[in-house]
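Step one of this worksheet: look at the structure below.
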Amino acid sequence: MNDKPKADAYVTGASEIVTGLSEDPARLVRTNKASLAIKDDRILSIGPTCQVEAEVDVSAATVIDVAGKMVAPGFVDCHTHLVFGKSRSREFALKMTRTSSEIEAMGLDIGIPASIRMTRQTAEDELFASAMDRLSRMQRHGTTTVESKSGYGINWPDELKMLRVNQRLADAQPLDIVSTFLGAHDFPPEIDRNRQPERTRYIDTLIQEMIPEVAESGLAEFCDIYCDDGYYTAEESRRILQAGINHGLRAKIHTDAYSGIGGSALSADLPAISADHLNHTSPAEMKAMAKAGVVGVILPALDFAVAHPRPVTPRPMIDAGMTLALGTNLNPGNWTESMRFVILLACRNHGMSLEEAFLAATIGAAKAIGCDTEIGTLESGKKADIQIWDIPEFEHLIYRMDFNPVVLVIKNGRIVFDNDRS
Ligand SMILES: [Zn+2]
């Protein structure tokens, strides 16, 4: 007689399983000689092999023998602009030796306005195909959940086109896509943002037309904004994000990237689920964000790509008690699909420990998109979103700078990438 729950799949033979949080939020739990049993899309049991085999019937399970490799939770990429028209490779290369105004003088449009123009000019099917391509590479780098923002339309038809692509991506491939409406990424390039009536007209369109439509269609879970000098003021951001909240869209905010104009204080006040960038955030704002439970999303690849004059400093945020998350910020001006690369930058350039950065790329990032009860750590009952690394020690994740250690990815309990078969 055997009334133990039956596993569908059994991951065994790991040198070590990195399960996730411990009592001490800065420390990871890592278990030697551990195994993991899966039923449907969930983890049925995880821990020392003898304990798992005592709890669960694995006799009929598909055995995934990982032969001395390391097992870890899939990465959560909580900040991306995954859907975009074309690359800005020429601008990026020119920026190595020239200033933005020198490049503009050469007749090139640059930055977010360039991305808006190219995304508006690209058909929905083409946006979908190029984003699918990027997603398949993100999966091979161990990412199992991706947040994806609109924000290169900045008019209703093109914002809607981007949100529809998010929905199609969610249906067409295994990774979970979390959709964010970012109609306030910029002002429409065809208006003069310095003229108050034109500015107000677009903000009113966002509040009265676009946000209600997004909420009603169910095409996004979050409403986001770019609150910084030259973009939306803190007061405008408050009106727009509050309108989103009133329609059931949780608030996110890009803020303090190039100036401190009150966006972080606003994020604590609303409160927003996350505040992202944070290069100019004050100690008082950090305290308020920690108290309000706002997750700080750090984007080291952006600071690297633009050689940021004021790189973000996570240490005071950690000391203030904030939960931190990492994201790639994948976009045409900062193109990385690898969370491992972002972890390396967070450690080397921003003073995070490997443990802190790994937690920020998994459970911290899951918190930034409201999914931390489902993903971000390997625990019984959570989703079986797993990556397997061919490295001898955890530290090799950042020690070897330019390689991809991922050999197998399991998403919702199913193998979606196997390096031996690809
Ligand atoms: Zn962004």
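List of remarks:
- The single condition from (1) surrounded by fewer than 16 Cβ atoms within 10 Å (Cβ to Cβ); (2) assigned to a helix (DSSP H, G or I); (3) touching a strand residue (DSSP E or B) at 6+ places or on another chain (Cβ under 9 Å) that S59 fails is (2).
- The number of residues in region 298-317 being farther than 23 Å from A93 by Cα and either assigned to a helix (DSSP H, G or I) or within 16 Å of the ligand (Cβ to nearest atom) (or both) comes to 6.
- Checklist (1) touching a Gly at 6+ places or on another chain (Cβ under 6 Å); (2) aliphatic (A, V, I, L, M); (3) within 16 Å of the ligand (Cβ to nearest atom) applied to A215, failing item: (3)
- Taken together, A184, A129, A114 contain a single residue that is away from the ligand (no atom under 16 Å from the Cβ) and of a type in the set (A, V, I, L, M), which is A129.
- Residues satisfying the criterion are present in region 78-86 (criterion: surrounded by fewer than 22 Cβ atoms within 10 Å (Cβ to Cβ) and either within 30 Å of P5 (Cβ to Cβ) or modelled with pLDDT under 95 (or both)).
- Filter result for A37 (at pLDDT 90 or above, more than 16 Å from the ligand (Cβ to nearest atom) and assigned to a strand (DSSP E or B)): yes
- Taking helices (runs of 4 or more DSSP H) as the structural unit, those lying wholly within region 111-216 and holding at least 1 residues that are among the hydrophobic types (A, V, I, L, M, F, W, C) and touching a residue at least 40 places away in the same chain (Cβ under 8 Å) correspond to 111-120, 124-140, 156-172.
- The residue that is nearest to the chain's Cα centre (by Cα), counting only those in region 267-279 that are within 16 Å of the ligand (Cβ to nearest atom) and surrounded by fewer than 24 Cβ atoms within 10 Å (Cβ to Cβ), is I273.
- Test: Y226 is within 16 Å of the ligand (Cβ to nearest atom), aromatic (F, W, Y) and farther than 15 Å from F181 by Cα: no
- Residue match in region 192-208 (condition: closer than 30 Å to D372 by Cα and within 16 Å of the ligand (Cβ to nearest atom)): no
- Filtering S282, S264 for residues that are among the polar types (S, T, N, Q) and either crowded, with 18+ Cβ neighbours inside 10 Å or touching a strand residue (DSSP E or B) at 6+ places or on another chain (Cβ under 6 Å) (or both) leaves a single hit, S264.
The values are calculated or read from the model by the stated rules, or taken from the named source; none is laboratory data. Note that the structure is predicted; figures quoted are calculated from it, not measured. Note that each Cβ is placed from the backbone with ideal geometry, even for glycine, and that neighbours are counted across all protein chains shown.
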